[in-house]
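Following: one structure in structure tokens, then a few remarks.
Quick note: the coordinates plus some simple rules give every number you see, no bench work behind them. From a predicted model like this one, the values you see are computed outputs, not experimental measurements. Cβ coordinates were reconstructed from backbone atoms using ideal geometry, including for glycine residues, and neighbour counts include every protein chain displayed.
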Amino acid sequence: MRDATLAFLAGHRAARVDPLTDRLVDAIVDSNPGYRATRVVPLPDLRSSCHDNIGRVLELLGVAVQGAAVPDESEAAYDAARATGRRRAEQGLPLDDVLRSFRIGGRLIWDDLVEQARAALDAEELREVGTRLWEVVDETSAQVAAAYHATERAAVRADEQLRAELWEGVLSGRAKEPGFAHEAARILDVPVGGNYLVVTGEGLDVPRLEEALAPRTTAWVRRTGGTVGLVALGSDDRADPDGALAALRGAVAWPVGVSVVVSGLAGVDTGVRQASLAVRTLDGEPGVAAFDDRLPEALLLTSPEVAGRLVAVWLGPLLTLPAGEQASLLATLDAWVATGGSTTHTAARVHCHRNTVINRLRRVARLVGRESLDGVPPLELGLALRALRSGLHR
């Protein structure tokens, strides 16, 4: 490339950055609808960005036409492009609109070069300059896009981290602080007040549950140990926990625990503890365990030593029997407790004669060291059977 050509390009860069900046700002405002419609980019910011990027493009063009290597992307030559990509991502301007502005800028620079170079460059040199110019514009645009996407990814990670922190705060009880509760409600898009059911379980099909619970507002978070969901029930006069429970029972094929109705985000931590206890009472079996329906099991879960002793004292000898005899005696005890001590109703449930029930109860009494089992079933026996069924004695 002739020295005269290089001198022309250096002089062009020194003289034309400001006029080109004015023209580019006007062109972007007039012809790029993203800037005009959203107004998220202040005019001083747009002008500064145009000025810096035009200067850098013309600087890189001067390097390229000399046949020198274009600076590596890590070099400061792309600082204006990367700064523009980061700012526009933070401002929320669509990337297509940003790149359209760079194409407009490239065209304006080329038109200006053609106009200014009529007496300085021959046709061959002008073609070479044009080729190098668009190579520089393309690489600069790529740097803009890379910085834009990196900023978007960082924002997503920051948002995910914030949401995770807010969720953990809600689940651990921080929502009792009004300021935290309102911030969490805003970011997580859930009501700060009203009634909630808390749902928890492993391997939940969240889309299916959302569909089953619609039109109720729900929110879900996956965490170590399973998924936790909030089901908004509305205010006191519109709460329908039974309807939500019925919807859950019709949609799940996994162990799911459900709390009692809790008040607002401030009560969610209590609901989490209840739902977690409830699901544990299922011992891995599919179904929906409502906390209020599993109170004895939940009580035993909080005292595993007591649960183990209840089973050992009241049922231990039965568990050493052959499987067939063990099963018939346990089924009889279950039915006897469930019917409130009625041998007649127990016989109907286990499909045998009433005398057979009486004989089985006497057999159990001897095995566990009791004089008899008649009248009202002992509370401890009922608890022992619940502990055994739920696997709480292990």
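Among [x] 23.7, 78; [y] 37.2, 121; [z] 25.0, 88, which one is Rg and Dmax of the Cα atoms in Å computed from these coordinates? Evaluating Rg and Dmax of the Cα atoms in Å on these atoms matches [y]. Taking label points 7 Å from Cα along the Cα-to-Cβ direction, Thr302 and Arg127 give a separation of 8.8 nm. Helix 178-188 and the longest principal axis of the C-alpha atoms of the chain enclose an angle of approximately 70°.
Going from the residue with the fewest nearby Cβ atoms within 10 Å to the one with the most, Ile109, Ile187 rank Ile187, Ile109. Given +1 at the Cβ of Lys and Arg, -1 at the Cβ of Asp and Glu and no other charges, the dipole of region 304-389 around its Cα centre is 160 debye to the nearest 20. Dividing the helix sum by the residues of the chain, where each DSSP H run of 4 or more adds -39500 (n - 2.57), gives a mean residue ellipticity at 222 nm of -21000 deg cm²/dmol. The angle between the Cα long axis of helix 43-65 and the main principal axis of the chain comes to about 60°, on a 0 to 90 degree scale. Count Lys and Arg as plus one, Asp and Glu as minus one, and take only other residues whose Cβ is under 14 Å from that of Gly369; the net charge is then +2.
Taking K and R as +1 and D and E as -1, what net charge do the other residues with C-beta under 12 Å from the C-beta of Gly225 add up to?
+2
Take the Cα of Lys176, step 7 Å toward its Cβ, do the same at Ala246, and the gap between the two points is 3.6 nm. Once the Cα atoms are used to define both axes, helix 354-368 deviates from the longest principal axis of the chain by about 80 degrees.
At a Förster radius of 41 Å, what calculated FRET efficiency corresponds to the Cβ-Cβ distance of Val156 and Thr270, to the nearest 0.05? Write down the numbers at each step before the final one.
Numbers: r = 32 Å, r/R0 = 0.78.
About 0.80, to the nearest 0.05.
Close amide H pairs (under 5 Å, H built 1.01 Å from N) link Ala289 with Val256, Gly257, Val258, residues at least 5 positions away or on another chain. Near the amide H of Gly234, within less than 5 Å, lie the amide hydrogens of Asn195, all on another chain or at least 5 residues away, with H placed in the peptide plane. In percent, rounded to a whole number, the relative contact order of region 204-323 is 19, using alpha-carbon pairs under 8 Å and six or more apart. Here the residues Tyr35, Tyr196, ranked from fewest to most Cβ neighbours within 10 Å of their Cβ, fall in the order Tyr35, Tyr196.
Residues with beta-carbon under 15 Å from that of Phe180, excluding Phe180: net charge, scoring Lys, Arg +1 and Asp, Glu -1?
Values: positive: Arg163, Arg174, Lys176, Arg186; negative: Glu165, Glu168, Glu177, Glu183, Asp269.
Residues near Phe180 contribute -1 overall.
Using the Cβ-Cβ distance between Glu115 and Leu43 with R0 = 35 Å, the FRET efficiency computed as 1/(1 + (r/R0)^6) comes to roughly 0.85. Relative contact order, whole percent, for the chain stands at 11, derived from Cα pairs under 8 Å and 6 or more residues apart. Taking every C-alpha pair closer than 8 Å and separated by at least 6 residues, the mean separation divided by the residue count of region 3-156 gives a relative contact order of 34 percent. Reported to the nearest whole Å, the Cα centre-to-centre distance from region 191-253 to region 4-43 is 54.
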